[in-house]
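Just below is one structure, and these are the notes that go with it.
The values are calculated or read from the model by the stated rules, or taken from the named source; none is laboratory data. Since the structure is predicted, the reported quantities are computational estimates derived from the model, not experimental observations. Cβ sites come from the backbone with ideal geometry, for glycine too, and all protein chains shown count toward neighbours.
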Amino acid sequence: MQKLTNRSVQINRDPMTFGEKIYVPAILKGLSITLGHIFKKKATVSYPEEKRPFSPVFRGLHVLNRDEQGRERCTACGLCALACPAEAITMEGAERKPGEENLYREEKYAAKYEINMLRCIFCGFCEEACPKDAIYLSETVMPSNYSRRSMIYKKEDLLIPHPKKQENTQ
Ligand code: SF4
Ligand code: SF4
């Protein structure tokens, strides 16, 4: 039969020699391999005290962005939900009322905006689809949780803090 690779090994079925029967050379060989690894650089890290650097293209938790005046950028156009291959995004649009110009950038805004993180595959398509620069994937690792409900992130969880309110608390 024709071989697929040249990695096959012929098994030696000869009777064991005296040295093989007492296992001492095999044990010493094993110990030398272990000792060799003791002085090598560790492959593991002591997480969470020590953290590995992420790849520059790492995509973490979503953030809903505000403009420089602190107004919500999202206009509930639905393009991110349409682009999402996991159907993880849902939203409800609402009309901006007079006097709310300081809260929402456009005439329409997302009254409700949810991302189901259990569905999300962190592909970043929502970020690419957004014409308003309203959503991006940050470098924050999504925390794990015990309940399914807490994995559905609401608008309040995703919105970045208001810059002016932050200044006042500092
Ligand atoms: S990162 Fe991908 S899967 Fe997650 S919400 Fe955005 S488009 Fe959907
Ligand atoms: S995040 Fe962007 S793409 Fe999604 S609804 Fe808001 S404005 Fe549209």
(message) Being at pLDDT below 95, away from ligand 1 (no atom under 15 Å from the Cβ) and assigned to a loop (DSSP other than H, G, I, E, B): is that true of Asn168 here?
(response) no
(request) Mind counting the residues in segment 115-139 that are in contact with a strand residue (DSSP E or B) (Cβ under 8 Å, 6 or more places away or on another chain) and β-branched (Val, Ile, Thr)? (result) 2
(message) Given the condition surrounded by fewer than 18 Cβ atoms within 10 Å (Cβ to Cβ), more than 8 Å from ligand 1 (Cβ to nearest atom) and not β-branched (Val, Ile, Thr), answer yes or no: does some residue in segment 119-127 qualify?
(response) no
(request) Could you list, in sequence order, all residues of segment 128-152 that are surrounded by fewer than 16 Cβ atoms within 10 Å (Cβ to Cβ) and of a type in the set (D, E, K, R)? (result) Glu128, Asp133, Glu139, Arg148, Arg149
(message) Looking at the structure I just gave you, is Thr90 away from ligand 1 (no atom under 16 Å from the Cβ) and under 16 Å from Cys126 (Cα atoms)?
(response) no
(message) Among the numbered criteria (1) within 14 Å of ligand 1 (Cβ to nearest atom); (2) within 21 Å of Gln69 (Cα to Cα); (3) among the β-branched types (Val, Ile, Thr), which one does Ile160 miss?
(response) (1)
